[in-house]
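Working notes for the structure below.
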Amino acid sequence: MKNANPVSRYGRWISVLLLTFLLGGCGQSEPVVPPAPKTAADWFTIKVDGQSVRMQLAVMRTEMEYGLMERRELGRDDGMLFVYLRPQLMSFWMRNTPLPLDIGFFSPEGELREIYQMHPFDETKVSSRSNQLQFALEMNQGWFKANNVRPGAKLDLKAVVAALKERDFAARQFGLE
């Protein structure tokens, strides 16, 4: 016996169409958008001789030239790591930089080789002795001494590689893998 009630028949069709419409999109997901690369303003935790340091990475020339200029404060374990493409002689100054800083120069293998003090607004160049340096780390003055970080200490290059990747740089262009 057929159901003679047209409302019931149309109700089923409407229900089926409505469910098809509503559930049709359930299997589809939004396109996955990769996160935007991090910038020189972002912080990365990288260890130096086992000591955790929050670092900003200066990689591009403009970032390196600006560095920590005009910064009025820096956290106790905060600093800026300058990452160069290849080993070289390094030279820094403190133009428009009101913070007293220490700078540590590291070899391509991540070994701390030299440490120097830098004074606020002093435009006298602080140059490395070695021309085989690839990383420079600026920290608050006294940080290296207070944390017993001396020449021979190691920079965590695996963390540097990860940070470079998050900045959208290929580690191999810096001789890192």
Name every residue in segment 132-177 that is of a type in the set (S, T, N, Q), within 18 Å of the chain's Cα centre (by Cα) and closer than 19 Å to Glu111 by Cβ, in order of residue number. Gln134
Please state which of the following conditions Phe105 fails to meet, knowing it meets all the rest: (1) surrounded by 13 or more Cβ atoms within 10 Å (Cβ to Cβ); (2) out of contact with any Ser or Thr (no Cβ under 6 Å at 6 or more places or on another chain); (3) within 18 Å of Ala58 (Cβ to Cβ). (2)
Take the conditions out of contact with any helix residue (DSSP H, G or I) (no Cβ under 8 Å at 6 or more places or on another chain), among the small types (Gly, Ala, Ser) and in contact (Cβ under 8 Å) with a residue 60 or more places away in the chain and apply them to Gly67. Does it pass? yes
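So that you can scan it fast, the table gives a plain yes or no per residue for (1) surrounded by 12 or more Cβ atoms within 10 Å (Cβ to Cβ); (2) among the β-branched types (Val, Ile, Thr); (3) without any contact (Cβ under 8 Å) to a residue 40 or more places away in the chain; (4) in contact with a Phe, Trp or Tyr (Cβ under 8 Å, 6 or more places away or on another chain):
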| position | (1), (2), (3), (4) |
| --- | --- |
| Ala136 | yes, no, no, yes |
| Asn140 | yes, no, no, no |
| Ala146 | yes, no, yes, no |
| Val161 | yes, yes, yes, no |
| Gln173 | no, no, no, no |
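For the subset of segment 71-87 comprising residues that are loosely packed, with under 14 Cβ neighbours inside 10 Å and not charged (D, E, K, R), which member is nearest to Ala162 (Cα to Cα)? Break it down stepwise before answering.
Just the residues of segment 71-87 that are loosely packed, with under 14 Cβ neighbours inside 10 Å, to begin with: 72-73, 75-76, 85-86.
If we keep only those that are not charged (D, E, K, R) too, we end up with 75, 85.
Numbers: Gly75: 22, Leu85: 16 Å.
Among them, the one singled out is Leu85.
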Cross-chain or 6+ apart pairs with Cβ under 9 Å, segment 114-131 first and without any contact (Cβ under 8 Å) to a residue 24 or more places away in the chain, then crowded, with 17+ Cβ neighbours inside 10 Å and aromatic (Phe, Trp, Tyr): Tyr116/Phe92; Tyr116/Phe105; Arg129/Phe105
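The numbers here are math on the coordinates, done by the rules we state, and not lab data. Predicted, not measured: the structure shown is a model, and the values here were computed from it. So basically every Cβ, Gly included, is an ideal-geometry build from the backbone, and we count neighbours across all protein chains shown.
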